[in-house]
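Have a look at the structure below before the remarks.
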Amino acid sequence: MPALPTAYITPMSFMAFDISELLTNNPWRYDIEIEILPVFATPMPRMPYIDPDFPIRGLSADELTEKAAEAANTLGLDIDDADVTLNSTYNFFRSFFMDDPYDDMPMNVSAVWNNSDVEIRIVAGSHSVAVNFGDPLGEGLKLPNGIRFTDDATEEQKLDAVKFLLYTYADFVAMDSPVISLFTEYGFYGERFTRFHVFDDSGSLVDRILSYNWGNVRFTPSSRGEGLWGIFRGSDNLQPLKIGEYPIITVAEARELLLLRGDHITWMSTGQFDEEMIEEHIAHVELVYRSESFGGEVFMPFYRFFIEMEVHPRQHEAGLKGWSVHYIPAVRGEFLCDTYILEYWRD
């Protein structure tokens, strides 16, 4: 199996009244022992740093149009009534660095129903489907009275709204056992921001983990009013992008590596790296999938650690708490290349 590229992922900071607001029904649990997990290529024609000849194939123009028609059908729309456009800008940035044999591969297809202000967009490589209702700065699709999932709605109202959307768009969501996840964080002045996603909790543990991280469905409220602006559905088929099955480290090993790395905590109260991380700062850990960097080439498992940190006195008085999020690759070090962490495994 090819060695996987990875890099230091800059920690992110979040505020909430309780850490449970940041945890989103991850199907992985601390006491679950997993020895191997699949690793996938991100939706790119090929991976020059792993294997230049790795056969990554996106959807063809006909397949894209067919998939758009299938999505439209679940929404009660006829593809024949839409303006369908194939966009072939997939290799715009890559063309600066290498000759690419995939110049004719379309990047995505968009189907627009002007009479209903609906757009369906499907990405060739990832097979993901996005449905947008009108302008992103508009009022979106009007929802029935009492259905609210804007940031100022209560958690009960948000859950009711997502349940309503799941029922309304059940054919599009296409999940056997949907589970709702709400992620809520707070800004400097206490303003609340909530993100919604739904994953399929059926199948094997690996199936559920992949649905949670890649194959989930996300609902986006409109920026004005209380309508629905967008629905995003991740890929339901990662197999064409699979690189291989890789052995992973345990939570205990990942925790040891995190402490060995010597990260410092950025206190929100000062913005300075004031203290080196110690065991007592670790509040929670979970296993997630993500790319190793922005625009990265592989989609692989990481352990995500939530580290307690101080907040500004103003937020502390309001009851808010802070956590920074740090990532450790879950794939064993001998299968990683160009990595800051490899030296620990060589010892």
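The values are calculated or read from the model by the stated rules, or taken from the named source; none is laboratory data. As the structure is a prediction and not an experimental result, all values here were calculated from the model. Here the Cβ is made from the backbone with ideal geometry for all residues, glycine too, and neighbour counts use every protein chain on show.
For region 111-167, the set of residues classified as assigned to a loop (DSSP other than H, G, I, E, B) and of a type in the set (A, V, I, L, M) consists of 124, 137, 143, 147, 153, listed by residue number.
Right, residue 128: modelled with pLDDT under 85, under 19 Å from residue 73 (Cβ atoms) and over 18 Å from the mean Cα position of the chain (by Cα) or not? Spelling it out, it is not the case that residue 128 is modelled with pLDDT under 85, under 19 Å from residue 73 (Cβ atoms) and over 18 Å from the mean Cα position of the chain (by Cα).
Just one of the numbered conditions (1) buried (at least 20 other Cβ atoms within 10 Å of the Cβ); (2) part of a helix (DSSP H, G or I); (3) touching a His at 6+ places or on another chain (Cβ under 9 Å) is not true of residue 208: (3). Within region 211-251, if we keep just the residues that are assigned to a loop (DSSP other than H, G, I, E, B) and among the small types (Gly, Ala, Ser), the residue that is farthest from residue 331 (Cα to Cα) turns out to be 225. Only residues that are of a type in the set (Asp, Glu) and either closer than 21 Å to residue 277 by Cβ or at pLDDT 90 or above (or both) were counted in region 295-333, giving 2. If I filter region 217-228 down to residues being buried (at least 22 other Cβ atoms within 10 Å of the Cβ) and out of contact with any Pro (no Cβ under 9 Å at 6 or more places or on another chain), which single residue comes out as farthest from residue 144 (Cα to Cα)? The residue in question is 219. Within region 175-202, the set of residues being assigned to a loop (DSSP other than H, G, I, E, B) and surrounded by fewer than 14 Cβ atoms within 10 Å (Cβ to Cβ) comprises 176, 177, 187, 188, 189, 190, 191, 202.
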